[in-house]
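**Q** This is the structure, below, for whatever I ask next.
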Amino acid sequence: MVQPCPRGKVKCDDGRVITIGQLARYVGVSIKTIRVYHNKGLLPEPDRDASGYRRYGANDAIELIKIRTLAEAGVPLARIRDLRSTTAEEFQQALREIDDELTGRIRGLQATQGRLRQLATGHLAPLPAEVGAHLEHLAGWGFTPRWVDLQRDLWILVFATYPDHALTLFQDQAVSLADPALRQLFLDYDHAHDLDADDPRIDGLAHRIAEATRARYGPEDPPELDAASEIPALIQGTVNASSPAWQRLDILIRAQLDA
């Protein structure tokens, strides 16, 4: 039921009784926002009354609430303007589509929230159980904490960017480490971190690694990520940046494998 206009209010012929400031306060938006909606053609701007004020009514408030709700849902203003000219059926269909989009965004935000909580507990992302068990074995085999942390971070990167290929790559490395002779090469690589870049032991280690790689894979290339991807270079760059000795090892190994 429409209530009588409060005494003393200036009332227009079409029932518009409130100012833009009152409309903004009632609906919960700013005056500037309402003016933007006017300029974008979303909300018609009423004519001025005899006192020179623009006054708004219930229909204006209802339309403004609809616009605010759609805008808060992330609907672009241009799309909201287009929805004003749709039929009731088209409008309902659009709302269903927007609802589906919101559901997708909510799921994405929940996934992001989960990753943030993992980050807060010191974990960037979950790794498969077998990878976690493998990382625990590394310390028992004599690998340094630095190596274990580096391996964890790099496997997180690989599993996050190449979930379809990461497990194959991991299993290939796990098989290598299960072989005592190959595992010793990885240990020697780990412990070479603190050597001087020109230490002669680096040359010998590079030769041993290149020979072991040829013996294991023969003429075939080891499993790797997409050659067009920048991730392999990013991973190797991260490894090399932590040690001049590791950087020289990488250069020597590549040169011998390419020879």
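**Q** Return only the number of the condition from (1) modelled with pLDDT under 90; (2) assigned by TED's automatic domain parsing to the domain that holds Val239 that Gly142 does not satisfy.
**A** So the condition that Gly142 fails would be (1).
**Q** For segment 75-99, enumerate the residues that are of a type outside the set (A, V, I, L, M), in contact (Cβ under 8 Å) with a residue 24 or more places away in the chain and not in a loop (DSSP other than H, G, I, E, B). Write out each step before concluding.
**A** Pass one, segment 75-99, residues of a type outside the set (A, V, I, L, M): 76, 79, 81-82, 84-87, 89-93, 96-97, 99.
Next, only the ones that are in contact (Cβ under 8 Å) with a residue 24 or more places away in the chain stay: 81, 84.
Across segment 75-99, the qualifying residue is only Arg81.
**Q** So for segment 41-57 (the condition being closer than 21 Å to Ile20 by Cα and under 35 Å from the mean Cα position of the chain (by Cα)), does at least one residue qualify?
**A** Of all residues in segment 41-57, those closer than 21 Å to Ile20 by Cα come to 41-57.
When the remaining residues are screened for being under 35 Å from the mean Cα position of the chain (by Cα), the result is 41-42.
Yes, segment 41-57 has at least one match.
**Q** Go through segment 140-170 and count every residue that is under 18 Å from Leu185 (Cβ atoms) and more than 26 Å from the chain's Cα centre (by Cα).
**A** Count: 7.
**Q** A further question follows. Among the residues of segment 92-116, write down those that are β-branched (Val, Ile, Thr), closer than 27 Å to Asp82 by Cα and exposed (fewer than 11 other Cβ atoms within 10 Å of the Cβ).
**A** Initially, segment 92-116 is screened for residues β-branched (Val, Ile, Thr), giving 98, 103, 106, 112.
Filter once more, keeping what is closer than 27 Å to Asp82 by Cα: 98, 103, 106.
If the condition is that a residue be β-branched (Val, Ile, Thr), closer than 27 Å to Asp82 by Cα and exposed (fewer than 11 other Cβ atoms within 10 Å of the Cβ), then Thr103, Ile106 are the ones that fit.
**Q** Is it the case that some residue within segment 204-227 is outside any helix (DSSP H, G or I) and at pLDDT 90 or above? Give the derivation first.
**A** Keep residues of segment 204-227 that are outside any helix (DSSP H, G or I), which gives 218-227.
If we keep only those that are at pLDDT 90 or above too, we end up with none.
No, segment 204-227 has no match at all.
**Q** Turning to a different aspect of this structure: Scan segment 56-74 and tell me whether some residue there is surrounded by fewer than 16 Cβ atoms within 10 Å (Cβ to Cβ), at pLDDT 90 or above and part of a loop (DSSP other than H, G, I, E, B).
**A** No: segment 56-74 contains no residue that is surrounded by fewer than 16 Cβ atoms within 10 Å (Cβ to Cβ), at pLDDT 90 or above and part of a loop (DSSP other than H, G, I, E, B).
**Q** Within the bounds of segment 97-105, is there any residue that is within 30 Å of Asp153 (Cα to Cα) and within 34 Å of the chain's Cα centre (by Cα)? Break it down stepwise before answering.
**A** Residues of segment 97-105 within 30 Å of Asp153 (Cα to Cα): 104-105.
Now narrow it down to the ones that are within 34 Å of the chain's Cα centre (by Cα): 104-105.
Yes: one or more hits.
**Q** Among the residues of segment 29-55, how many are touching a strand residue (DSSP E or B) at 6+ places or on another chain (Cβ under 6 Å) and exposed (fewer than 13 other Cβ atoms within 10 Å of the Cβ)? I'd like the intermediate steps shown before the answer.
**A** The first filter runs over segment 29-55 and keeps only residues touching a strand residue (DSSP E or B) at 6+ places or on another chain (Cβ under 6 Å), leaving 46, 48, 54.
Then drop every residue that is not exposed (fewer than 13 other Cβ atoms within 10 Å of the Cβ), which leaves 48.
Within segment 29-55, residues that are touching a strand residue (DSSP E or B) at 6+ places or on another chain (Cβ under 6 Å) and exposed (fewer than 13 other Cβ atoms within 10 Å of the Cβ) number 1.
The values are calculated or read from the model by the stated rules, or taken from the named source; none is laboratory data. Keep in mind that this is a model prediction, so the values were computed, not measured. With ideal geometry, Cβ positions are generated from the backbone for all residues, glycine too; neighbour counts draw on all protein chains shown.
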